[in-house]
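Trainee: Got a structure here, written out as structure tokens. Questions coming.
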Amino acid sequence: MGIQLLRRLQHSGASSLRLRARVHPAALVHVATLIGGGALLRAFTTKQWFFNDEWEFLVDRGFAGRPLQLLVPHNEHWSTLPLLVYRTLFGIVGVRTYTPYIVVLLLLHLVLAHALWRLMRHSGVDPWIATALAGLFILIGSGFENLTWAFQIGFVGSVLFGVLALLSTDVRPHGRRRLVMEWAFCVAALMCSGIGVSMVVMVGLGALLRRGVRAGVSVVIVPAVVYGAWFVTVGRVGYVGVGLKPSDAALLVPYIWHGLTATFDALTDVMGAGVVVIIGLALWLAVRRRNAIRHPAMTAAALTAPIFFLIDGVGRIALGVDQAGAPRYIYIAAVLLLPLAGNVMSHLAGGRVLFRALVVLVVAAATLHQALVLQAEGQALATIRSSEQRQVIAAAQLLHSGMQTIATVPDPQWATALTVSDLEALDAHDDLPAPIGLMPVDFLNARLALQTSLTTDPVFSGGASPAVASAAPALHADASGCVPPIAGGAPHVTLAFSQPASIRIAPAIGGMIALRLQLAGQPGVSDPITQPLAAAHVLWLNVAQAGETLILALPSATALCGVATR
């Protein structure tokens, strides 16, 4: 018995030694980059807060008795899994802190970075080059939207599940259990965002190139049926007004090309480098077809890049060709194209240590640049979102004090889905951060949002007209209180309100109006709120409280009525 136990221990020890021997040093460095990169990511994403679309998940889905609507799309995106994450976290921390939300995003990103490293290793990429490129992706400042905004768990989740399914198709033997796992990954990708459609195409291509047409059809058939059933029954409501106009169809090819080239322009920080790289990668795939067939996952991912921009362009081309170069899309394209780029680098470096070291150093320099971009973008966004957070909290304090309001949205710039009633409910349930560190400008910003409005009909009638305290150029009202269209450049007018009032604004040529608020007898001016004014479209500017002074920047040739000039 003792001899058998000794032999087992010796066998176990030998197996452990062989396992340790198989661990490449580059893999250990990769783990270190995941840990160190994760720490940097968290440092670069502090002081973020809820922003734009996030409020739809927070206050329109399952909040204050509203239906959860798990299957109803957000815009055109099937977003069941991100919605579940947000509702779960909201139930725990409300909106008192953003940390759990952003941490989930960063963890998904790090798992994706590791999956990308695995995909590159499957694609014949040298271990050290794969590790360097994965490190570049970890700190991809050019894709900062997907690293600083927790709402992007939808996009990141779709790409992650897609890559996991693609890796599964690249493994042999391939049985029914693995096929079921690929179905699950593909459906999860679809349930995160519309990016999942491109990911299912990628997985199907990978299976087709690895095992033939039947395998390709088998892996996509279940996700296609599930997505089709969702779209027909629920999802199509998100596609109202989304579509490709015949006049925009010719822009699809430039859209795809710009998205592909902008990715490598951004990653290298060299304008024009993207054209050279994309042409080089395309030639590499065409000339080295055996290599492309030998690494089907790499080839499927690369072929999916233009398909992704094609699908995206159908819904986004109306926003212009430059939309294809948005940071959130650069992030996705990098995942799809880096395995092929790493394969090319590895073949060019061959087994030559110096060449491989040179490639790693170049990628490391690019990584440093990406880290600096991410840090700068994170700081810039933190400034905006910290100001938004303070304004929302200040608005809650003003509402709690019983201040009269005429607006329905406490932050019309960055939180359009958050209403006054939502904010009062959040405050009543102690789901808001503590009102610490608020400044006078935060209360001015909140007052401007809550106590002024632009409407098609006046809110107040009668009473004293606001006085024109100053204007450039000088204004002169007629007996009816109307100022004729102001010629010349954009006029700046300061109006002092002795009581609540509404004034008529009639722009002749259209443009932007900017509003800033100042309280009588108090220093400081609010940040501006801007809104477009259509030509010959009359609006009413309403102010709810006496003692407020509004500073207006108006389009030229704008007429004002309901004011008093000295």
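Bear in mind these aren't lab numbers, they're just calculated from the coordinates by the rules spelled out. Treat the numbers as computed from the prediction; the structure is a model and nothing was measured. Quick reminder, even Gly has a Cβ in these numbers, built from the backbone with ideal geometry, and neighbours come from all protein chains shown.
Trainee: Collect residues whose amide H, placed 1.01 Å from N in the peptide plane, falls under 5 Å from the amide H of Thr558; neighbours closer than 5 in sequence don't count.
Mentor: So Thr558 has HN proximity to Ile486, Ala508.
Trainee: Answer rounded, prolate or oblate for the chain, using the Cα gyration tensor with square roots of eigenvalues a ≥ b ≥ c: rounded when a/c is under 1.5, else prolate when a/b is larger than b/c, else oblate.
Mentor: Prolate, because a/c is 1.5 or more and a/b exceeds b/c.
Trainee: Take His492 and Lys47, extend 7 Å from each Cα along the Cα→Cβ direction, and tell me the distance between the two endpoints in nm.
Mentor: A separation of 2.8 nm, rounded to one decimal place.
Trainee: Which order do peptides 422-431, 186-195 fall in by mean Cβ count within 10 Å, highest first?
Mentor: In descending order of packing, they fall as 186-195, 422-431.
Trainee: Treat the count of other C-beta atoms within 10 Å as a stand-in for reagent exposure and order Leu438, Leu105, Leu281 from fewest to most.
Mentor: Fewest-to-most ranking of Leu438, Leu105, Leu281: Leu438, Leu281, Leu105.
Trainee: Here's something else I'd like to know. With viscosity set to 0.692 mPa s and temperature to 37 °C, compute the Stokes-Einstein D of region 230-286, Rh being the Kirkwood radius across alpha carbon pairs; µm²/s, no decimals.
Mentor: It comes out at roughly 235 µm²/s.
Trainee: Can you give the direction-averaged projected area of the convex hull of the alpha-carbon atoms in region 52-92, in nm²?
Mentor: Directional mean of the projected Cα hull area for region 52-92 stands at 2.7 nm².
Trainee: If I stretch the segment between Ala249 and Asp269 completely, what's the gain in nm (0.36 nm per residue apart, minus their alpha carbon distance), one decimal?
Mentor: Working it through step by step, the gained length comes to 4.2 nm.
Trainee: On to the next question. From zero outward in steps of 10 Å, how is the percent of C-alpha pairs of region 455-561 spread across the bins?
Mentor: In whole percents, the pair-distance histogram is 15, 51, 32, 2.
Trainee: Moving on. Let me make sure I get this right: for region 75-187, a, b and c are the square roots of the gyration tensor eigenvalues over alpha carbons, sorted descending. Under 1.5 in a/c it's rounded, otherwise prolate if a/b > b/c, else oblate. Which is it?
Mentor: Since a/c reaches 1.5 but b/c is at least a/b, the shape of region 75-187 is classed as oblate.
Trainee: Now for a different question. Kirkwood Rh over Cα pairs of region 322-385 into Stokes-Einstein at 25 °C, 0.890 mPa s: D in µm²/s?
Mentor: The estimated diffusion coefficient comes to 175 µm²/s.
Trainee: So what is Rg over Rh here for region 154-223, counting just Cα atoms and using Kirkwood for Rh?
Mentor: We get a ratio of 0.94 for region 154-223.
Trainee: Tabulate in residue order the Karplus-calculated ³J(HN,Hα) for region 72-89, using 6.51 cos²θ - 1.76 cosθ + 1.60 with θ = phi - 60°, rounded to whole Hz; enter x for Gly and Pro.
Mentor: 3J(HN,Hα) across region 72-89, in whole Hz: 6, x, 9, 6, 9, 8, 6, 10, 4, 5, x, 4, 4, 4, 5, 5, 5, 5.
Trainee: Now a separate question. Starting with the fewest neighbours, write out Trp230, Trp149, Trp78 ranked by other beta-carbon atoms found within 10 Å of each beta-carbon.
Mentor: Result, fewest neighbours first: Trp230, Trp149, Trp78.
Trainee: Please report Asp170, Asp269 as a ranked list, fewest other C-beta atoms within 10 angstrom at the top and most at the bottom.
Mentor: Asp269, Asp170
Trainee: What do the square roots of 5 times the Cα gyration tensor eigenvalues come to for region 309-435, in whole Å, largest first, as semi-axes of the equivalent ellipsoid?
Mentor: 48, 20, 11
Trainee: Here is a further query. At 222 nm, what helix-only mean residue ellipticity would the chain give, in deg cm²/dmol to the nearest 500, using -39500 (n - 2.57) for each DSSP H run of four or more?
Mentor: Result for the chain: -19000 deg cm²/dmol, rounded to the nearest 500.
Trainee: Report the calculated FRET efficiency for Ala425 and Val29 (r = Cβ-Cβ distance, R0 = 51 Å), to the nearest 0.05.
Mentor: Once rounded, the FRET efficiency stands at 0.55.
Trainee: Percent relative contact order of region 455-561, based on C-alpha pairs within less than 8 angstrom and at least six residues apart?
Mentor: Here the relative contact order equals 39 percent.
Trainee: Let me ask something else about it. With +1 on each Lys and Arg Cβ and -1 on each Asp and Glu Cβ, how big is the dipole of the chain about its Cα centre, in debye rounded to the nearest 20?
Mentor: 3300 debye
Trainee: Taking θ as phi - 60°, what are the ³J(HN,Hα) couplings along region 353-359 by the Karplus curve (6.51, -1.76, 1.60), each to the nearest whole Hz, with x for Gly and Pro?
Mentor: So the J values, rounded to whole Hz, are 4, 5, 5, 4, 4, 5, 4.
Trainee: Follow-up question, since we're still on this one. Remind me, relative contact order of the chain in percent, using alpha carbon pairs under 8 angstrom and six or more residues apart?
Mentor: Relative contact order comes out at 15 percent.
Trainee: Ok, one more. Would you work out if region 131-188 is rounded, prolate or oblate? Take a ≥ b ≥ c from the square roots of the eigenvalues of the alpha-carbon gyration tensor; rounded if a/c is under 1.5, else prolate when a/b is larger than b/c, oblate otherwise.
Mentor: It comes out oblate by the Cα gyration axes.
Trainee: Considering all projection directions equally, how large on average is the shadow of the alpha-carbon convex hull of region 349-411, in square nanometres?
Mentor: Mean projected area for region 349-411: 6.6 nm², to one decimal.
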